[in-house]
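A.B. asks: Here's a structure for you.
The values are calculated or read from the model by the stated rules, or taken from the named source; none is laboratory data. Model, not experiment: these values are computed from the prediction. We place every Cβ from the backbone using ideal geometry, glycine too, and count neighbours over all the protein chains shown.
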Amino acid sequence: MLLVYLLLSYFTASATGFFYQDIDITWGDGRAKILNNGELLTLSLDKASGSGFQSKNDYLFGLFNIQIKLVPGNSAGTVTTYYLSSQGSNHDEIDFEFLGNLSGDPNIVHTNIYTQGKGNREQQFYLWFDPTKDFHNYTILWNPLHIVFYVDGTPIREFKNAESSTGVPYPKRQPMKIYGTIWDAEDWATRGGLVKTDWTQAPFTASYENYKADACMWSSGSSSSSCASSSSSKNYTWMYQDMDSSSQSRLKWVQKNYMVYNYCTDTKRFPRGLPPECSLNKTA
Ligand SMILES: *[C@@H]1O[C@H](CO)[C@@H](O)[C@H](O)[C@H]1NC(C)=O
Ligand SMILES: *[C@@H]1O[C@H](CO)[C@@H](O)[C@H](O)[C@H]1NC(C)=O
């Protein structure tokens, strides 16, 4: 019996494509919709409510890709998200948040990482394309070495596992689900809150497609991961994926040309010294 159970859980670690299979709509009272036989998911926001979804499964490490087309036109004040999070007060979280803007003004990709309930690790970027015109790939790589945020395959941010050298906790014990949401954040999202949401433009709609989790599925019944056996984890090249030199130079290119904010250079905010992980995640 135990053997059968383990084999089953080793088996089913890749979720691909179809929102019906892998995703539950969790809030928004009809404002979130799964369309095109499960290939497309739209999230809408109006004055009464936003909306959101989450994965059916929990994961401990993985490569999580989704394509998103952000809210077109005047999206000032809105925030569209794609993130991983565990539960509880000491939770871990890996965030992609897309801050809306007036028509023609640039969106900001806001990233953050919480470990053991502590965040305050924001980095923000402009993009090198208009993310409201087409679908683009947004990918989170989360393995025991590091967390990497990618946009269309280009790394924009790396957070290394520096637990043993700095004592900064690294997310590696708490399984996480994937979430997507749209909500109103007019008090801070656009130009720091100066530009408010224009509700005459509602509903604001973001579209998601091609969700793919190449990931270690967590089975809460057995408290084990689908990658627990060494033979199965060999199939996951992402599990050992580090930055090669070409990724590193692309990361530098993004950070040099498109970075808007980096907590690791904000000495005003951290007058008693920058967070310890900052010295290890230096790029520019
Ligand atoms: C997104 O990823 C898919 C699958 O790897 C690829 O076919 C597509 O060209 C990518 N799109 C962009 C805009 O990079
Ligand atoms: C919105 O546009 C303004 C003006 O170009 C810019 O300063 C700001 O960074 C943009 N993005 C957000 C999310 O505020």
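A.B. asks: Would you please list the contacts, defined by Cβ atoms under 7 Å and residues six or more apart or on different chains, that run from a residue in segment 60-71 that is among the basic types (K, R) to a residue that is more than 13 Å from ligand 1 (Cβ to nearest atom)?
C.D. replies: K69/T132; K69/A206; K69/S207
A.B. asks: Taking into account only those residues within segment 149-197 that are aliphatic (A, V, I, L, M) and in contact with a helix residue (DSSP H, G or I) (Cβ under 6 Å, 6 or more places away or on another chain), which is farthest from Y263 (Cα to Cα)?
C.D. replies: The qualifying residue farthest from Y263 (Cα to Cα) is A162.
A.B. asks: Taking the criterion of being touching a strand residue (DSSP E or B) at 6+ places or on another chain (Cβ under 6 Å), under 23 Å from D242 (Cα atoms) and within 14 Å of ligand 1 (Cβ to nearest atom), would at least one residue in segment 124-138 satisfy it?
C.D. replies: There is at least one residue in segment 124-138 that is touching a strand residue (DSSP E or B) at 6+ places or on another chain (Cβ under 6 Å), under 23 Å from D242 (Cα atoms) and within 14 Å of ligand 1 (Cβ to nearest atom).
A.B. asks: Another one. Conditions first: (1) at pLDDT 95 or above; (2) at negative phi. G77 passes all but one, so which condition is the exception?
C.D. replies: (2)
A.B. asks: Among the candidates T205, T200, T267, T190, which residue alone is touching a Leu at 6+ places or on another chain (Cβ under 8 Å), modelled with pLDDT of 90 or more and surrounded by fewer than 17 Cβ atoms within 10 Å (Cβ to Cβ)?
C.D. replies: T267
A.B. asks: Counting only residues that are within 13 Å of ligand 2 (Cβ to nearest atom), give me the strands (runs of 3 or more DSSP E) lying completely in segment 85-164 with at least 1 of them.
C.D. replies: Correct list: 93-99, 108-114, 123-125.
A.B. asks: If E186 meets every condition in (1) touching a Gly at 6+ places or on another chain (Cβ under 8 Å); (2) of a type outside the set (S, T, N, Q); (3) more than 16 Å from ligand 2 (Cβ to nearest atom) apart from one, which number is that one?
C.D. replies: For E186, the failing item is (3).
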